[in-house]
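The values are calculated or read from the model by the stated rules, or taken from the named source; none is laboratory data. Computed from a predicted structure; not experimentally measured. Please note: Cβ atoms are built from the backbone with ideal geometry, for glycine as well, and neighbour counts cover all protein chains shown.
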Amino acid sequence: MRYLVITDLHANLEALETCLSDAGQRGYDQVLVLGDLIGYGADPNAVINRVRDMHPVGLVRGNHDKVAIGIGEAEGFNYVARTAAAWMLEALTPENRMWVAELPQGPLVIDDLIEICHGSPIDEDTYIFTERDAMEALVAAVRPLCLFGHTHYPVTFCLQDGVMSGIGPSRDAESRLHLDDGVKYLVNPGSVGQPRDGDPRAAYAIVDTEARDVLLYRVPYPVEETQRKVIAAGLPEALAWRLTAGR
Ligand code: ZN
């Protein structure tokens, strides 16, 4: 089985379409989505519709998805994120708002190898940045490979015989992580729609369960088109400019 893994799409249609066409050429069987489909970007309905059409076998909600339906904590958001959340509440169609409301909370076990979550397997809103965060998450994980998002930072943590190590982010357009027996892995493929590792390219992964490989990809997309739409929508311009820097 080859799973396409996408997270933190953030209503960026150009980045999503670029990832889907790149992944389509490489080939995949099923789709896993780790949350934050919306928030920040100008195309929440188009992105939701695209994801719905793919019928993901695994899908969890993110904190921005919760805010869209009034159950998230917009108080924790800064001015820009709050303004974007208010814009999104207006923009979402009633049907898509209902669909978002039914997104499940992670973690979600997919098969013998994989589980998915938005923030951490301990809590959907927790950020995994440090090795200490990762250690707690890996201890809580019930599968050898736990896929997460939320930080928009492509990184891998491995736990073997009680020893933790971190890998990434890579500057390569493609990188391969082979999953060894007896090791637990925590992998963030990076954000599709708003990368924050200083690399503006969209990020996604394919997990090949037979080869036991995680393939990590970075693809350039038409950032200027996305920026034009963000500004035309009346969203805070900072949300457009940060896409150039990937911050
Ligand atoms: Zn996010």
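Scanning segment 39-82 for residues that are over 12 Å from residue 118 (Cβ atoms), crowded, with 16+ Cβ neighbours inside 10 Å and of a type in the set (Asp, Glu) yields one hit, 43. Within segment 56-68, residues that are among the charged types (D, E, K, R) reach partners that are modelled with pLDDT of 95 or more and within 11 Å of the ligand (Cβ to nearest atom) with beta carbons closer than 7 Å, at six or more positions or on different chains, in the pairs 61/35; 61/118; 65/35; 65/36; 65/37; 65/38.
Filtering segment 13-27 to residues that are more than 22 Å from residue 108 (Cβ to Cβ) and either part of a helix (DSSP H, G or I) or out of contact with any strand residue (DSSP E or B) (no Cβ under 8 Å at 6 or more places or on another chain) (or both) leaves 13, 14, 15, 17, 18, 21, 22, 24, 25, 26.
Residues that are farther than 26 Å from residue 143 by Cβ and in contact with a helix residue (DSSP H, G or I) (Cβ under 8 Å, 6 or more places away or on another chain) number at least 3 in the following helices (runs of 4 or more DSSP H) confined to segment 28-111: 44-54, 79-91, 94-101. Applying the criterion of being in a loop (DSSP other than H, G, I, E, B) and among the hydroxyl-bearing types (Ser, Thr, Tyr) to the residues of segment 132-171, the residue that is nearest to the ligand (Cβ to nearest atom) is 151. Counting the residues of segment 1-20 that are charged (D, E, K, R) and either touching a Cys at 6+ places or on another chain (Cβ under 8 Å) or within 16 Å of the ligand (Cβ to nearest atom) (or both) gives 1. When we screen 236, 200, 222 for residues that are without any contact (Cβ under 8 Å) to a residue 60 or more places away in the chain, closer than 30 Å to residue 42 by Cα and not basic (Lys, Arg), the only hit is 200.
Looking only at segment 21-38, filter to residues that are more than 16 Å from the ligand (Cβ to nearest atom) and touching a residue at least 12 places away in the same chain (Cβ under 8 Å); which one of those is surrounded by the fewest Cβ atoms within 10 Å (Cβ to Cβ)? Going through the qualifying residues, I end up with 27. Scanning segment 220-247 for residues that are buried (at least 18 other Cβ atoms within 10 Å of the Cβ), touching an Asp or Glu at 6+ places or on another chain (Cβ under 7 Å) and either at positive phi or not in a helix (DSSP H, G or I) (or both) turns up 221, 246. Look at (1) modelled with pLDDT of 95 or more; (2) charged (D, E, K, R); (3) within 13 Å of the ligand (Cβ to nearest atom) and you find that residue 66 fails only one, number (1).
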